[in-house]
1. If you plug each phi of segment 88-99 into the Karplus form 6.51 cos²θ - 1.76 cosθ + 1.60 with θ = phi - 60°, what whole-Hz ³J(HN,Hα) values come out, in order, with x for Gly and Pro?
2. Taking the number of other C-beta atoms within 10 Å as the exposure measure, put Ser19, Ser68, Ser34 in order starting with the fewest.
3. How much length, in nm to one decimal, is gained on full extension between Arg118 and Arg62, taken as 0.36 nm per residue of separation minus their Cα-Cα distance?
4. Check Ile84: other-chain or 5+ apart residues with amide H under 5 Å from its amide H, H built from backbone geometry?
5. So which of Lys24/Lys98; Lys24/Lys108; Lys21/Lys65; Lys24/Lys109; Lys38/Lys108; Lys65/Lys108 end up more than 25 Å apart by C-alpha?
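Since every read-out is calculated from the coordinates, none of them should be taken as a lab result. Computed from a predicted model, the values in this text were never measured in an experiment. Quick reminder, even Gly has a Cβ in these numbers, built from the backbone with ideal geometry, and neighbours come from all protein chains shown.
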Amino acid sequence: MGPDETLRNYATQQMKGNSFKLAKDFFLKLNYISEAKKEMGKLDHVIQFILQDGTSFNVEIRDGKVSSVKEGIVEPDIERVLQITSDEDTISTVLTGKLRFADAMASKKLLSADMIKRPALGWAGKLIRIGQGLP
């Protein structure tokens, strides 16, 4: 196991039980990555993560930046909402870069009932991949 893998394993263990803090830190750092800022300028959307234990959080992207990350379900304009359902371990594993967003979707570890919003789902996946530092 290399140093990157060791660091990712450590980060995953530290974030168990605290997926909201992990998500908040992950998405807010996108505001400082030029490639992410360019991608965020393409859509104004809310990504709602609904965890199987009943907790949830929302990432609002507006005007080319992450404008807020809030716990709970907010009721924004339904046209701008992309819902993603999963468990805490999968969210932590994706946000720490140990699992690609696309692989998590393909294996049904991440689910979205919003398949009609496929462009927004691809956009969210690209933002997560940028945040992971993966090609």
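1. Each residue's phi maps through the Karplus curve to give 4, 4, 5, 4, 4, 5, 5, 6, 8, x, 7, 9 Hz.
2. Ascending Cβ contact count within 10 Å gives the list Ser34, Ser68, Ser19.
3. Gain on stretching Arg118 to Arg62: 18.3 nm.
4. Gln48, Phe49, Ile50
5. Lys38/Lys108; Lys65/Lys108
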